[in-house]
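> Have a look at the structure that comes next, please.
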Amino acid sequence: EETTMGAYKLLINGEMVDGDLSMDVLNPATEEVLADCPRASEDQLNAAVAAAKAAFPAWSKTDVDERKALVLKIADVIEANATELVQLLTKEQGKPLEAATVEVYGMAAFCRYFTSLDLPVEVLEDSDARRVEVHRNPLGVIGAIVPWNFPLLLMAFKLPPALIAGNTLVIKPAPTTPLSTLRLAELISDIVPAGVINFITDANDLGAPMTAHPDVRKISFTGSTETGAKVMAGAAGLLKRITLELGGNDAGIVLDDVNPKEAAQKLFDSAFQNSGQVCIAMKRLYVHENIYDEVCDELATIANDTIIGDGSEQGTKLGPLNNKMQYDKVKALIEDAKQEGNVIAGGEFPDKPGYFIRPTIVRDIKEGSRLVDEEQFGPVLPVMSFADESEAVARANSSPWGLGGSVWSANPERAYALAEQMDAGTVWINKHAELDPTIPFGGAKMSGLGNELGQEGLLEFTQQKIINMAKG
């Protein structure tokens, strides 16, 4: 393992530089130190913002095709170095190599997708009296704050559209997963004009000064609702633009015409992919009472058969949780759920190093218990029964969050009628947690503000400007 300070550096104003501070990054499967990682000081944050601000005038005037060409080059670099990035991602994040591979190639694919979009001048009116145009201008310096569950893929929700729109960036990965990001920074450092993209790291201490910085025009934040609320408050003084993609407590509703054997694996994967560390994972499951026992049994069987272990080992289906804080939180929710419901799979924690929790299924549990009401963000699923469809929707909607939701039925019309009543940014039918770069994504209620992905995700990195010209 590389453990020298020289292995990783920050990217500020086109230079790979040491951090003023340093921090350890652990492998969550072994709890051993993976690397000594540079940690930026507030001075270095300010230097990165100053570099991005200085680079903005020239970059914003660069032809859009040139900006797209840079994003395509970044995608090429990611693919050319995929093997190394995949292994690094697995070591620092914990996910199995197969999932890390999907993430790394996914990042490249999302970069390529955004280069297919344009920001043309739109003519609203061209009459004898006037011509009215809509222009989309870049904002300036974007602060991008990326979480630890998908450090590379979620960066691709921000970096490509921000760059293509003509903005410059300061990117801050999570303290527990900075290595694949810093390695990528090094790989692209010689193709990105100085200051256009800057990468800094922190120990969760630079988010507030970044948000309050007068020269940062927008914060694009993915993370917890609690931190998102702090970002919103911190941005208020300057009316700074924000996009917040926050937590969820997504409900799935399974109607009585579903075949439990056929649906169980899809339901399980919807909840447990990335060991449940997915903002749009299914986090509560409501099943019609007629098939409740059978669905619970099928899910328990799959959970018990799932191989968990070090993500770098062949055959591992689910890796550890990413960090001790999250591990302790999920453990506490499971201990609480043992009092509130009936644990039919999992519920135990392997007595070995690493933040491992076996996939856990809890039945006979209700709203009012912590596991149902809070976002677990880990490998445990509460399964509840219902008798009446409208009651199921009301219970699903009773959460303060509204990121995603799903309805499962053999009858698409029946499912569609319920999907229309669900209060969420995305509702899936007979699937859950499908993300596609062409489809805009955003949360309702406390799950966030604004959109990412799709044309809307590009527009979020622009300022609308109307030019209204008199004629005659």
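The values are calculated or read from the model by the stated rules, or taken from the named source; none is laboratory data. Quick caveat, the model's predicted, so the values are computed rather than measured. So basically every Cβ, Gly included, is an ideal-geometry build from the backbone, and we count neighbours across all protein chains shown. Note: areas computed on protein heavy atoms with side chains; ligands, DNA, RNA excluded. Shrake-Rupley method; radii C 1.70, N 1.55, O 1.52, S 1.80 Å.
> Could you work out, for the stretch 236-304, what percent of all Cα-Cα pairs fall into each 5 Å distance bin, beginning at 0 Å and stopping at the bin that holds the largest distance?
That works out to 3, 15, 23, 20, 12, 8, 5, 5, 3, 4, 2, in percent per bin.
> Compute, for R112, the solvent-accessible surface of its heavy atoms (probe 1.4 Å) with the complete set of protein chains present, and express it in square angstrom to the nearest 10.
80
> Can I ask one more? Put a dot 7 Å past each Cα toward the Cβ at D388 and Q463; how far apart are the dots in nm?
Modelled inter-label distance: 5.3 nm.
> Now a separate question. How much length is gained if the chain between K471 and V134 is pulled fully straight, taking 0.36 nm per residue apart and subtracting their Cα-Cα distance, in nm to one decimal?
Values: separation 337, 0.36 × 337 = 121.32 nm, distance 1.72 nm.
Result: 119.6 nm gained on full extension.
> Can you give the local net charge around K329? Use residues other than it whose beta-carbon is closer than 15 angstrom to its beta-carbon, Lys and Arg +1, Asp and Glu -1. List each step's numbers first, then the result.
Values: positive: K283, K324, K331, R370; negative: E226, D328, E335, D336, D373, E374, E375.
For residues surrounding K329, the net value is -3.
> Report Rg(Cα)/(2.2 N^0.38 Å) for the stretch 3-98, keeping two decimals. Please report the intermediate quantities before stating the final value.
Details: Rg = 16.7 Å, N = 96, 2.2 N^0.38 = 12.5 Å.
Expressed relative to 2.2 N^0.38 Å, the Cα Rg reads 1.34.
> Take the Cβ-Cβ distance between E340 and D20 as r, set R0 to 41 Å, and report the resulting FRET efficiency rounded to the nearest 0.05.
On the way: r = 47 Å, r/R0 = 1.15.
Efficiency, rounded to the nearest 0.05: 0.30.
> Quick one: angle between helix 225-236 and the longest Cα principal axis of the chain, in degrees between 0 and 90, rounded to 10, please.
20
> Here's another thing I want to ask about it. Considering only DSSP beta bridges with both partners in the chain, what is the antiparallel share in %, to the nearest 5? All intermediate terms of the calculation are to be shown ahead of the outcome.
Details: 32 of 73 bridges.
Taking every DSSP beta bridge within the chain, about 45 percent pair in antiparallel fashion.
> Starting from 0.36 nm per residue, how many nanometres of slack lie between V123 and F349 once their C-alpha separation is accounted for? Write out the running numbers ahead of the final one.
Details: separation 226, 0.36 × 226 = 81.36 nm, distance 6.09 nm.
Computed gain between V123 and F349 is 75.3 nm.
> Straight-line reach from K68: which lysines have a Cα under 17 Å away, not including same-chain ones fewer than 8 places off?
Correct list for K68: K158.
> For A433, what charge total do you get from the other residues with a beta carbon under 13 Å from its beta carbon, if Lys and Arg give +1 and Asp and Glu give -1? List each step's numbers first, then the result.
On the way: positive: K266, K283, K431; negative: D250, D269, E434, D436.
Once all neighbours under 13 Å are counted, the net charge is -1.
> Using 18 Å as the cut-off for backbone N distance, which residues of the stretch 347-389 belong to the label zone defined by a point 7 Å from the Cα of M325 along Cα→Cβ?
In the stretch 347-389, the label zone of M325 (backbone N under 18 Å from the point 7 Å along Cα→Cβ) covers 355-356, 375-379.
> Say each of N411 and A233 gets a label point 7 Å from the Cα, pointing the same way as Cα to Cβ; how far apart are those two points in nm?
4.9
> For the stretch 418-472, just the Cα atoms, rotate onto the principal axes and tell me the three extents in Å, largest first.
For the stretch 418-472, the Cα spread along each principal axis is 57, 23, 22 Å.
> Out of all Cα-Cα pairs in the stretch 277-367, roughly what percent, to the nearest whole number, are more than 19 Å apart? Don't skip to the answer; put the middle values down first.
Working: 1802 of 4095 pairs.
The share of Cα pairs beyond 19 Å in the stretch 277-367 comes to 44 percent.
> Keeping all protein chains in position, work out how much accessible area R241 exposes to a 1.4 Å probe, and write it in Å² to the nearest 10.
The accessible area comes out at roughly 100 Å².
> Just the Cα atoms of the stretch 301-352: what Rg and Dmax do they give in Å?
Answer for the stretch 301-352, Rg first and Dmax second: 12.3, 36 Å.
> So what's the Cα pair-distance distribution over the stretch 314-407, bin width 5 Å, in %?
Percent of pairs per bin, in order: 2, 12, 22, 22, 18, 13, 6, 3, 1, 0.
> Another question, if that's okay. Per residue, how many Å² of accessible area does the stretch 380-472 show with a 1.4 Å probe?
Numbers: 4130 Å² over 93 residues.
I get 44 Å² per residue for this part.
> What does the accessible area per residue of the stretch 68-227 come to in Å², with a 1.4 Å probe and no ligands, DNA or RNA counted? Present the calculation step by step, with values, prior to reporting the outcome.
Numbers: 4970 Å² over 160 residues.
Roughly 31 Å² per residue, with all protein chains present.
> For the chain, what does the helix formula give at 222 nm: sum of -39500 (n - 2.57) over DSSP H segments with n ≥ 4, over the residue count, nearest 500 deg cm²/dmol? Please list the in-between numbers first.
Working: 15 runs with 172 residues, N = 472.
The per-residue figure over the chain is -11000 deg cm²/dmol.
> Based on the Kirkwood radius over alpha-carbon pairs, what value in µm²/s does the Stokes-Einstein equation return for the translational diffusion coefficient of the stretch 167-280 at 20 °C and 1.002 mPa s? Walk me through the numbers on the way to the answer.
Numbers: Rh = 17.1 Å.
D = 125 µm²/s.
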